[in-house]
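Peer 1: Just passing along the structure, written as structure tokens.
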Amino acid sequence: MDTIKLLFINLKISFLRIIQQIKIIPLYFQEPLWRIDLLYLKHYATTNPYKVCKKFFHNEDSSVQHSYGETWPSVVPKFIQYLPITSKDVLFDLGSGTGRISFWFQQISGCQVVAVEKVPLFIKKANSIKKQLGKSKIRFLEKDLLEVDYNPATIIYFYGTSFSDSMILSLLKKWKTLKLGTRVLTTSFHLNEYLDSPEYKVTQTFQVSYPWGLCELFLQEKIK
């Protein structure tokens, strides 16, 4: 029964991925994004990111679930519209996975991107793609989120759905030194839910689709 259920989920995700891919085809004519996706297709033709992530985190503690979270490229223009993001921003993409979305953020907005990911294979492949694309305004850090210097950040994208409450609380302690006005985009929850007194102001809420379903996002600004 579990095998049938898993097969159904995989088929559903594959179908949704095809739909999302169709949605981004018009963008290939506006920006040279097709080069990014072509290289990713080449590098991951025989590599399953979900299996890579599960294998790596098998012996990790419970602060990170053994799952791979993916952001559809089709939602990046919506993110940029709501934030907005400009070439003057420094965006930190936390838990960047394969880094595909990090490249999309950088290409469409022109901002600087710092992508943070613990899985070595993801970082290795992302740096190889970066070299092939000749990109200079994007960095890939193989680090724990708690070891990162966030001072340069003007925007943080935190796909927090895959992280435990204890990890989120630890990040909030580290983020007490963020510059006032720093914007943080989170999935499923807003940061003040974890704080005794508000340190962030929610400025926007909107919904986008992820592989696992529709999700509400919260855009917040550091005020304390």
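The values are calculated or read from the model by the stated rules, or taken from the named source; none is laboratory data. Keep in mind it's a predicted model, so treat the numbers as computed, not measured. All Cβ positions, even for glycine, are placed from backbone atoms using ideal geometry, and neighbour counts span all protein chains on display. Ligands, DNA and RNA are excluded from the accessible area calculation, which covers all protein heavy atoms including side chains. Shrake-Rupley method; radii C 1.70, N 1.55, O 1.52, S 1.80 Å.
Peer 1: Could you please let me know if Ile123 is among the hydrophobic types (A, V, I, L, M, F, W, C) and surrounded by fewer than 20 Cβ atoms within 10 Å (Cβ to Cβ)?
Peer 2: No.
Residue by residue, here is whether (1) modelled with pLDDT under 70; (2) in contact with a Ser or Thr (Cβ under 8 Å, 6 or more places away or on another chain); (3) surrounded by 10 or more Cβ atoms within 10 Å (Cβ to Cβ); (4) not aromatic (Phe, Trp, Tyr) holds:
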site: Met1; (1), (2), (3), (4): yes, no, no, yes
site: Lys5; (1), (2), (3), (4): yes, no, no, yes
site: Ile13; (1), (2), (3), (4): yes, no, yes, yes
site: Arg17; (1), (2), (3), (4): yes, no, yes, yes
site: Gln30; (1), (2), (3), (4): yes, no, no, yes
site: Arg35; (1), (2), (3), (4): no, no, yes, yes
site: Tyr40; (1), (2), (3), (4): no, yes, yes, no
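Peer 1: Consider the stretch 139-163. How many of its residues are within 20 Å of Ile80 (Cα to Cα), at pLDDT 95 or above and not aromatic (Phe, Trp, Tyr)?
Peer 2: The total comes to 6.
Peer 1: Going residue by residue through the stretch 68-83, is there one that turns out to be among the aromatic types (Phe, Trp, Tyr), within 18 Å of Ile129 (Cα to Cα) and modelled with pLDDT under 90?
Peer 2: No, the conditions are met nowhere in the stretch 68-83.
Peer 1: Is it true that Ser87 is outside any loop (DSSP other than H, G, I, E, B) and in contact with a helix residue (DSSP H, G or I) (Cβ under 8 Å, 6 or more places away or on another chain)?
Peer 2: no
Peer 1: What are the pairs with Cβ atoms under 9 angstrom where one residue, in the stretch 128-155, is within 15 Å of Asp93 (Cβ to Cβ) and of a type in the set (Phe, Trp, Tyr) and the other, located anywhere, is part of a loop (DSSP other than H, G, I, E, B) and open to solvent by less than 80 Å² (accessible area, probe 1.4 Å)? Sequence gap at least six, or different chains.
Peer 2: Cβ pairs passing all conditions: Phe140/Ser96; Phe140/Gly99; Tyr150/Leu178; Tyr150/Thr182.
Peer 1: Hey, can you tell me all the residues within the stretch 166-209 that are within 17 Å of Ala153 (Cβ to Cβ) and of a type in the set (Asp, Glu)?
Peer 2: Glu199
Peer 1: Looking at the stretch 204-216, I want the residues that are without any contact (Cβ under 8 Å) to a residue 24 or more places away in the chain and loosely packed, with under 13 Cβ neighbours inside 10 Å and have a partner that is of a type in the set (D, E, K, R) and assigned to a strand (DSSP E or B) with Cβ atoms under 7 Å, at least 6 apart or on another chain. Which pairs are those?
Peer 2: Thr205/Glu216; Gln207/Glu216
Peer 1: Looking at Ser166, Ser188, Ser136, which one is under 17 Å from Phe105 (Cα atoms), modelled with pLDDT under 95, among the polar types (S, T, N, Q) and open to solvent by 40 Å² or more (accessible area, probe 1.4 Å)?
Peer 2: Ser136
Peer 1: Assuming Lys179 fulfils every condition listed in (1) closer than 19 Å to Ile85 by Cα; (2) touching a helix residue (DSSP H, G or I) at 6+ places or on another chain (Cβ under 8 Å); (3) open to solvent by 70 Å² or more (accessible area, probe 1.4 Å) apart from one, which condition is it?
Peer 2: (2)
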